[in-house]
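Have a look at the structure below before the remarks.
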Amino acid sequence: MSAEIGLETIAVASGGASITAQLFDRLRNDILNGALQPGQKLKIETLREHYAVGASPVREALSMLTSEGLVQRLDQRGFRVSEISVSAFEELLRTRCWLEDRALRESIASGSAAWEEGVLLAHHRLTKTSRTSGSSDMASPQWEQAHKLFHMSLLSACGSGFLVGFCEQLYDLNIRYRNLAGAVAYPSRNVAAEHLAICDAAIARDADNAVRLLVEHYTDTGEFLKMRLNALSK
């Protein structure tokens, strides 16, 4: 029995689906944080050895990642990490604003007291979480988690799991651009104050103001990221 077959047999015996799911998460995180670079070829054998899994879970995880736009399938040539570009980022930003505009309005219109409590709690946790940790200037995993929870909590009462899922997927794609751009600070901005203003407007059920503040929050960050991405491409 080959080593590869042995690994796959173990995977099936212990729950192959869970191994694929775990590998999917690991690959996804490595793409989002830049450990796997844009355009990098993803060879099955290399990934199998690096992540210590069988070839089948690798193929399945890569196929799943293609549906999220993080991996590209090459005709007869395997897979590679999806490329990035300023134009692709601009499309991503526009789409996020369109979708979250609708999701936030629907949440504000139909959100219950429990939704309000969830938004307030998520914002409180965000304010209590340090953006950076250790010697790194990059956002800490704890802050990233709290930040995502806050933004998704705002949309959580929109009444459409599909819409929330799309927004979450685009949020993660945006994190990839932010990490690759090396963006650690935004000059002349008080991001914490922006989060507070969005939270207050949502709780006050002021949909127009909440959406305006959210879109401005995204576009201000977007302009800074585009500047960084343009500088990296030169």
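The values are calculated or read from the model by the stated rules, or taken from the named source; none is laboratory data. As the structure is a computational prediction, the values presented were derived from the model and not from experiment. Here Cβ is always computed from backbone atoms with ideal geometry, including for glycine, and neighbour counts include all displayed protein chains. SASA here: full protein model, heavy atoms, side chains in, ligands and nucleic acids out. Shrake-Rupley method; radii C 1.70, N 1.55, O 1.52, S 1.80 Å.
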**OP:** Quick one: among T132, T46, T95, which has the greatest mean-square fluctuation in a GNM of the chain with alpha-carbon springs under 10 angstrom?
**Re:** T46
Subject >> Cα-based convex hull volume of the chain per residue, rounded to whole Å³ >> reply: 151
**OP:** Evaluate the relative contact order of the chain (contact order divided by residue number), counting alpha-carbon pairs under 8 angstrom at least 6 apart; express in whole percent.
**Re:** 21
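How much of the accessible area of segment 55-123, probe 1.4 Å, is carbon plus sulfur, in whole percent?
With neighbouring chains kept in place, the figure for segment 55-123 is 48 percent.
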Subject >> Theoretical FRET efficiency, 1/(1+(r/R0)^6), r = Cβ-Cβ of W98 and R26, R0 41 Å, to 0.05 >> reply: 0.85
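Tell me the net charge near D220. Cut-off is 14 Å between Cβ atoms, D220 excluded, with +1 for each Lys or Arg and -1 for each Asp or Glu.
So the surrounding residues net to +3.
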**OP:** Could you calculate the FRET efficiency of M227 with R125 from 1/(1 + (r/R0)^6), where r is the beta carbon distance between them and R0 is 30 Å, rounded to 0.05?
**Re:** 0.50
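Give me the dipole magnitude in Debye, nearest 20, for the chain about the Cα centre, with unit charges on the beta carbon: positive for Lys and Arg, negative for Asp and Glu.
500
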Original post:
Based on the Cβ-Cβ distance from A88 to A113, what FRET efficiency comes out when R0 is 35 Å, to the nearest 0.05?
Top reply: 0.30
**OP:** Quick one: accessible surface of D25, probe radius 1.4 Å, all protein chains present, in square angstrom to the nearest 10.
**Re:** 80
**OP:** Calculate the dipole size of segment 100-172 relative to its Cα centre from +1 charges on Lys and Arg beta carbons and -1 charges on Asp and Glu beta carbons; express the result in debye to the nearest 20.
**Re:** 160
Original post:
With the other protein chains left in place, how much accessible area per residue, in square angstrom, belongs to the chain at a 1.4 angstrom probe?
Top reply: 52
**OP:** Considering only F89, F162, F79, give the residue with the highest GNM mean-square fluctuation for the chain, with springs between Cα atoms whenever their separation is below 10 Å.
**Re:** F162
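Under a point-charge model restricted to the Cβ atoms of Lys and Arg (+1) and Asp and Glu (-1), what is the dipole moment magnitude of segment 97-220 relative to its Cα centre, in debye to the nearest 20?
Result for segment 97-220 is approximately 260 debye, rounded to the nearest 20.
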Original post:
Would you list D172, D75, D208, D101 from the most to the least accessible area, probe 1.4 Å?
Top reply: D75, D208, D101, D172
Subject >> Listed residues V53, V215, V119, most fluctuating in the chain (Gaussian network, C-alpha, under 10 Å) >> reply: V53
